[in-house]
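Asker: Here's a structure for you.
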Amino acid sequence: MVDFRSPDLERYPRFSEALKSGMVAEMESGDVLYIPCMWWHHVESLAPFNVLIQYWWNTFPKIHGQAINAFELALLSIRDRPHREKMAWKHIFDYYIFGDPEVPRKHLPDHAWGALGEIDDVLARQMRTKIINKLNR
């Protein structure tokens, strides 16, 4: 949204802070640049003709799907809820998703872990089917 060559710092006052932590990589023909997952970046062509090939390298097992799907679903189903309800969901996410995975299941016998345990291909398919069915209602 910001014009990097002529940023409107009144409209985007925090952009100057972003620039302080930015890095520049000026590429030459045949160069390759690795950008780690979840790093914000901006690409600018400096010549009239350029070719850019972007490949999203991800070694995370495909059975788990893309995290962006969870983000978009959260925007749809959680973001606009009342504040107290959102805070409850935040705590649930912190406990089950972002916290130590051992904690929510440590009081359960192994056979009762379900999605709290290892998610294999079969369980992943079952979970996706359940989610799709709920979204199609």
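Asker: Looking at the stretch 7-49 only, could you name the residues that are among the hydroxyl-bearing types (Ser, Thr, Tyr) and over 23 Å from the mean Cα position of the chain (by Cα)? Can you show your working first?
Answerer: Narrowing the stretch 7-49 to residues among the hydroxyl-bearing types (Ser, Thr, Tyr): 12, 16, 21, 29, 34, 45.
Of everything in the stretch 7-49, those that are among the hydroxyl-bearing types (Ser, Thr, Tyr) and over 23 Å from the mean Cα position of the chain (by Cα) turn out to be 12, 16, 29, 45.
Yes/no per residue for (1) part of a loop (DSSP other than H, G, I, E, B); (2) among the polar types (S, T, N, Q); (3) farther than 22 Å from residue 57 by Cα:
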site	(1), (2), (3)
2	yes, no, yes
7	yes, no, yes
17	no, no, yes
26	yes, no, no
31	yes, no, no
36	yes, no, no
44	yes, no, no
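Asker: If you don't mind, there's one more thing I want to ask. Can you tell me which condition residue 22 does not meet? The list is (1) more than 26 Å from residue 71 (Cβ to Cβ); (2) surrounded by 10 or more Cβ atoms within 10 Å (Cβ to Cβ); (3) small (Gly, Ala, Ser), and all the others hold.
Answerer: (1)
Asker: Residue 80: modelled with pLDDT of 95 or more, out of contact with any strand residue (DSSP E or B) (no Cβ under 7 Å at 6 or more places or on another chain) and within 30 Å of residue 2 (Cβ to Cβ), yes or no? Full working, then the answer.
Answerer: Numbers: modelled with pLDDT of 95 or more: yes; out of contact with any strand residue (DSSP E or B) (no Cβ under 7 Å at 6 or more places or on another chain): yes; within 30 Å of residue 2 (Cβ to Cβ): yes.
For residue 80, the condition - modelled with pLDDT of 95 or more, out of contact with any strand residue (DSSP E or B) (no Cβ under 7 Å at 6 or more places or on another chain) and within 30 Å of residue 2 (Cβ to Cβ) - is met.
Asker: On to the next question. If residue 90 meets every condition in (1) at pLDDT 90 or above; (2) loosely packed, with under 10 Cβ neighbours inside 10 Å apart from one, which number is that one?
Answerer: So residue 90 meets the others, but not (2).
Asker: For residues that are in a loop (DSSP other than H, G, I, E, B) and of a type in the set (D, E, K, R), scanning just the stretch 97-137, find the one that is modelled with the lowest pLDDT. Even if it seems obvious, please write down each step before you answer.
Answerer: If we filter the stretch 97-137 for residues that are in a loop (DSSP other than H, G, I, E, B), which is where we start, we get 99-102, 106-109, 113, 117-120, 136-137.
Now restrict to residues that are of a type in the set (D, E, K, R): 100, 102, 106, 118, 120, 137.
Details: 100: 97, 102: 96, 106: 95, 118: 93, 120: 94, 137: 88.
Checking each candidate, the answer is 137.
Asker: Tell me yes or no: at least one residue of the stretch 15-33 is free of Cβ contacts under 8 Å to residues at least 24 places away in the same chain, closer than 30 Å to residue 128 by Cα, out of contact with any Cys (no Cβ under 7 Å at 6 or more places or on another chain) and of a type outside the set (S, T, N, Q). Full working, then the answer.
Answerer: Pass one, the stretch 15-33, residues free of Cβ contacts under 8 Å to residues at least 24 places away in the same chain: 15-33.
Add one more test, that the residue is closer than 30 Å to residue 128 by Cα, and what stays is none.
No.
Asker: If you don't mind, another one. What number of residues within the stretch 50-72 satisfy the criterion of being part of a helix (DSSP H, G or I) and free of Cβ contacts under 8 Å to residues at least 60 places away in the same chain?
Answerer: Pass one, the stretch 50-72, residues part of a helix (DSSP H, G or I): 62-64, 67-72.
If we keep only those that are free of Cβ contacts under 8 Å to residues at least 60 places away in the same chain too, we end up with 62, 67-72.
Residues in the stretch 50-72 being part of a helix (DSSP H, G or I) and free of Cβ contacts under 8 Å to residues at least 60 places away in the same chain: 7 in total.
Asker: Can you name the number of the only condition in (1) in contact (Cβ under 8 Å) with a residue 12 or more places away in the chain; (2) within 23 Å of the chain's Cα centre (by Cα) that residue 4 fails?
Answerer: Going through (1) in contact (Cβ under 8 Å) with a residue 12 or more places away in the chain; (2) within 23 Å of the chain's Cα centre (by Cα) one by one, residue 4 breaks only (2).
Asker: Anything in the stretch 28-57 that is loosely packed, with under 10 Cβ neighbours inside 10 Å and closer than 26 Å to residue 123 by Cβ? List them, or say none.
Answerer: Across the stretch 28-57, the qualifying residues are 38, 56, 57.
Asker: Going through 32, 2, 24 one at a time, which residue ends up being of a type outside the set (Phe, Trp, Tyr) and touching a helix residue (DSSP H, G or I) at 6+ places or on another chain (Cβ under 7 Å)?
Answerer: Working: 32 fails: touching a helix residue (DSSP H, G or I) at 6+ places or on another chain (Cβ under 7 Å); 24 fails: touching a helix residue (DSSP H, G or I) at 6+ places or on another chain (Cβ under 7 Å).
Answer to the check: 2.
Asker: Something else now. Test residue 119 against the stated conditions and say whether it is touching a His at 6+ places or on another chain (Cβ under 7 Å) and not polar (S, T, N, Q). Spell out how you get there, then give the answer.
Answerer: Values: touching a His at 6+ places or on another chain (Cβ under 7 Å): yes; not polar (S, T, N, Q): yes.
When the stated conditions are applied, residue 119 passes them.
The values are calculated or read from the model by the stated rules, or taken from the named source; none is laboratory data. Please read all numbers here as calculations on a predicted model, not as lab measurements. All Cβ positions, even for glycine, are placed from backbone atoms using ideal geometry, and neighbour counts span all protein chains on display.
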